[in-house]
Structures are given as C-alpha cells and as structure tokens.
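The structure appears below as structure tokens.
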Amino acid sequence: MSPVQVRGTVLTVRRVDAYVAMTVVAPAIATRFRPGQFIAIAVGGPQSGMLSRRTFSVHDVRPDHGGTVEFVFLPREPGAEWLADCRSRDVLDIVGPLGRPFPVPRDPASCLLVGVGAAAAPLFALAGRLADRGCQADFLLGAESADRVFGALTARRTGRSAMITTADGSLGARGSVIDLLPTVVQQARTDVIYAAAPLGVLRAASALAGRYAIPVQALVDAPAMACGTGLCMGCVLPAVGTDGITRMVRACVDGPVFRGDRVRWDDVGTIPFDALGAPGWKSRAGGVGPAATSLTPGPRDIPEGRQHAG
C-alpha cells in the first residue's frame, strides 16, 4: 500500500542504553507496515532550517493496540537531538511506511538475523513475521560496546539462539559479527541470512554467504538515507539486475532491502564505468532501458529449495 503523511502523537520516549526508543500513535502507518520498511519525520520544529526529513528504521508496530509505531535512534544523529527532547503528547509530522519490505519464506526455513547497533531494530518485527511462517530465527547481534548492542534480551527470549559480539568485549564474544558468522551459519544450518547493518558489514556478510551459496537479504540502514523519497539521490548505489546490467539505484525507493549478491559493494560511492548511463556505456542488449528488470529481492531470486515470497 502507498505511504501516507500523518500527524502522529508521541506516546512514550524512553532510553534504551545508548539509544532513544520513541513510540508514536499512527494507525494508518501501522496497518500498512511490513518488516523492513521505514518512516521519515520532519524534525527541528517550524522554525528549523532543516528542510529534509530524517529517516528511521521501525522497530515495532502494534496495529491492534492503538496503531502505534516504535522507532529507535542515537540522540546524537542529525536532527535527533531535537527529536529526543520531544515528550508525550507532542505531535510529529510522519510519512510512511516507505521502501520495500523483506521477502519472507513461503515454507519453514532456518533464518539467521544479523544486526549491528540500532540498525538491528527492523529484525525484530521480521522475526515475528518469520515465526508466523513457521520459520526458526537465530540472532547474531553486535556493536562497538555493550551499550550499543540493541535487542540482546529480546533476541535471547524469542530466537532459537542468540549470539552477541562487541568490539571491546564488554558483552558476549570479542570481535565483530563477521568473525562469528561462519560458525553460526554452520551450527544453525542457515537457509537464508537477513542482515541489517552498516554498508561494510553488509558487504562482508554478502561475500561470506556467497561461499556457502546462502542468499542474503541486505537492508541498508535508514539513517544513510536523507529524504526517504528518492529526490535527493543521496543513497544511490550500484546494483546488477537480472539482465546483468548495472544500474544506479536508490536505497530508499528501490530498497532498502536488496539481494546481497546483486549489490556491487566495492563500488558503492562511485559510478562504475559499465553502469547504465555512465560515460562510454554501451548497451549489450540493444538499448535495454532502466526499467527492464527488478533489482529487489523476489521469489525468483532465491536458489532452488529456498523459494521466498514477498
């Protein structure tokens, strides 16, 4: 369903370690939401010079309990300091849900959910949807320090297993999620990986999963997107379509979920010489246009035996 613009009333604002979790009443967004989608909020107030909205990953929705939407953020992010000072009954201008959601299995599967910091927030709504499909969910969460790990207790309570890692060793194993990924994949007999993390981790997870022939559904973190509508072109990255042609896509409208093996992670931040429309590019398919193929995950993008539906 199409996104909507609403005035959402703040219900609660609470600290969760280093993060702020805010719940707003927005029934129209809650009923449309699917795990992996995000919201965009006008921040700074009417006198603010911030023209662009800020985007936030959705942690939880409760369409049957007042139509609430909860999102999580670091209060030091641009525009987030103002948002963190909001209190119950304040009103926010919100657009959502935006972007394409995670595809989920048609049949029961072993799913590994990999998240880093607050980027992991969308994985918990996904875990609920996977459970509805009879899937087993294992968590692998990490961050720089214990106070930056998001959702460890929930993961241990709801997942079949939960591994935690921190760079400084203050919680769980010392290291990164990539360090533990091969071990967890083998122990959990993973069928598909869902990853929500900074670009570097998505790149490494996609490369490692390729060695095991495991599909990766990679979610580009919402704070990496500015406007959330595709107008500013601030979240462009190169991705290969099913026709083999590289196109520059926008994470906010063509994603934020992509098949990990189709994103050219090493070329993010550049325009590859062979991308459609790049200087010197020549069509190898007789003038194939930019809308010739899908770049987002779908049932045909999963190997035989691991079919998924959107």
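Table for the structure above
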| item | result |
| --- | --- |
| Ile193 vs. criteria at pLDDT 95 or above, within 17 Å of Ala119 (Cβ to Cβ) and not in a strand (DSSP E or B) | no |
| Options Arg62, Arg14, Arg54: the member that is under 30 Å from Ala146 (Cα atoms), touching a residue at least 24 places away in the same chain (Cβ under 8 Å), surrounded by fewer than 19 Cβ atoms within 10 Å (Cβ to Cβ) and not hydrophobic (A, V, I, L, M, F, W, C) | Arg62 |
| Single match in Ala80, Ala121, Ala40, Ala84 (criterion: at pLDDT 95 or above and either of a type outside the set (Asp, Glu) or touching a Pro at 6+ places or on another chain (Cβ under 7 Å) (or both)) | Ala121 |
| Among the candidates Val69, Val95, residue that is within 18 Å of the chain's Cα centre (by Cα) and crowded, with 23+ Cβ neighbours inside 10 Å | Val69 |
| Selection from segment 233-270 of residues that are small (Gly, Ala, Ser) and buried (at least 21 other Cβ atoms within 10 Å of the Cβ) | Ala239, Ala251, Gly255, Gly260 |
| Residue that is surrounded by the fewest Cβ atoms within 10 Å (Cβ to Cβ) [pool: residues in segment 124-159 that are part of a helix (DSSP H, G or I) and touching a Pro at 6+ places or on another chain (Cβ under 8 Å)] | Gly128 |
| Selection from segment 101-114 of residues that are crowded, with 23+ Cβ neighbours inside 10 Å and part of a strand (DSSP E or B) | Cys111, Leu112, Leu113, Val114 |
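The values are calculated or read from the model by the stated rules, or taken from the named source; none is laboratory data. Nothing here was measured: the structure is a model prediction, and the numbers come from that model. Here the Cβ is made from the backbone with ideal geometry for all residues, glycine too, and neighbour counts use every protein chain on show.
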